[in-house]
Amino acid sequence: MAVLDAIDERIIALLRSDGRLSNARLAEAVGLSQSACLRRLHALETSGVIRGYTAIVDLPDEADVTVVYVHITLDRQTEDYLDRFEAGVRRCPDVRECYLMTGIADYVLRVEAASVADYERVHREQLSRLPGIARIQSSFTIRSVVRAGSGPGRR
């Protein structure tokens with residue numbers, strides 16, 4: 001699918017807000033018949049515009065989790081160094097997300113820990129043992145302001 005029209009964009013916006021929206025409700029919201037809406041949805045999925053669906057899980061109490069963003073700088077940016085680091089970080093169970101970056105850091109990781117002391121364990125036992133690291137810089141979150149998948153009225 002090379003170009004998205006206004007209906008495709010509306011379908012995507014609605015599904016971002018509620019990925020469990022039924023085809024009947026989706027069709028009604030975008031002004032299409034159910035069969036036409038389903039064809040559009042399948043085309044968006046087949047073309048890779050919609051790559052999948054997921055559940056966003058919220059813990060009962062946000063205070064139970066410490067979220068840390070970790071900026072990693074490698075000794076070198078060769079393909080071998082990048083590959084070895086990426087293979088290593090995939091084996092770290094407390095790393096929830098990892099992004100190759102441009103700018104100051106080579107990678108940014110999102111780590112979830114039970115506490116600051118627990119993050120110290122993650123840092124000592126997992127992150128500091130990753131290959132090729134020159135520097136680790138950690139930033140602790142204070143609270144969530146906007147979260148993906150949180151519709152109107154939700155955080």
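Looking at (1) more than 30 Å from Leu21 (Cβ to Cβ); (2) outside any loop (DSSP other than H, G, I, E, B); (3) not hydroxyl-bearing (Ser, Thr, Tyr), can you tell me which one Cys92 breaks?
Failing condition for Cys92: (2).
Failed condition for Gly19, given (1) in contact with a helix residue (DSSP H, G or I) (Cβ under 7 Å, 6 or more places away or on another chain); (2) of a type in the set (Gly, Ala, Ser); (3) surrounded by 13 or more Cβ atoms within 10 Å (Cβ to Cβ), with all others met?
Of everything listed in (1) in contact with a helix residue (DSSP H, G or I) (Cβ under 7 Å, 6 or more places away or on another chain); (2) of a type in the set (Gly, Ala, Ser); (3) surrounded by 13 or more Cβ atoms within 10 Å (Cβ to Cβ), Gly19 misses just condition (1).
When the residues of segment 102-155 are filtered to those that are modelled with pLDDT of 95 or more and under 17 Å from the mean Cα position of the chain (by Cα), which remaining residue is surrounded by the fewest Cβ atoms within 10 Å (Cβ to Cβ)?
Restricting to residues being modelled with pLDDT of 95 or more and under 17 Å from the mean Cα position of the chain (by Cα), the top hit is Arg110.
Does any residue in segment 118-132 that is in the same structural domain as Asp106 (by TED's automatic domain parsing) and in a helix (DSSP H, G or I) come within less than 7 Å, Cβ to Cβ, of a residue that is among the small types (Gly, Ala, Ser) and buried (at least 18 other Cβ atoms within 10 Å of the Cβ) six or more places away or on a different chain, and which pairs are these?
Tyr119/Ala113; Val122/Ala113
Determine, yes or no, whether Ala55 is loosely packed, with under 12 Cβ neighbours inside 10 Å, under 30 Å from Ile11 (Cβ atoms) and aliphatic (A, V, I, L, M).
Details: loosely packed, with under 12 Cβ neighbours inside 10 Å: yes; under 30 Å from Ile11 (Cβ atoms): yes; aliphatic (A, V, I, L, M): yes.
So Ala55 passes the test.
Of the conditions (1) touching a Lys or Arg at 6+ places or on another chain (Cβ under 7 Å); (2) surrounded by 15 or more Cβ atoms within 10 Å (Cβ to Cβ); (3) assigned by TED's automatic domain parsing to the domain that holds Leu130, Leu74 fails just one. Which one is it?
So the condition that Leu74 fails would be (1).
Could you grab the pairs with beta carbons closer than 9 Å, sequence gap of 6+ or different chains, first residue in segment 6-22 and closer than 20 Å to Thr46 by Cβ and free of Cβ contacts under 8 Å to residues at least 24 places away in the same chain, second one in a helix (DSSP H, G or I) and of a type in the set (Gly, Ala, Ser)?
Arg10/Ala29; Leu14/Ala29; Leu21/Ala29
Let me confirm something: among Val108, Val30, which residue is among the β-branched types (Val, Ile, Thr) and in contact with a Phe, Trp or Tyr (Cβ under 6 Å, 6 or more places away or on another chain)? Spell out how you get there, then give the answer.
On the way: Val30 fails: in contact with a Phe, Trp or Tyr (Cβ under 6 Å, 6 or more places away or on another chain).
Only one candidate passes the filter, namely Val108.
Of the conditions (1) in contact with an Asp or Glu (Cβ under 7 Å, 6 or more places away or on another chain); (2) assigned to a strand (DSSP E or B), Tyr69 satisfies every one except a single condition; which number is it?
(1) is the only condition that Tyr69 fails.
The values are calculated or read from the model by the stated rules, or taken from the named source; none is laboratory data. Keep in mind that this is a model prediction, so the values were computed, not measured. Using ideal geometry, Cβ is built from the backbone for each residue, glycine included, and neighbour counts are taken over all protein chains shown.
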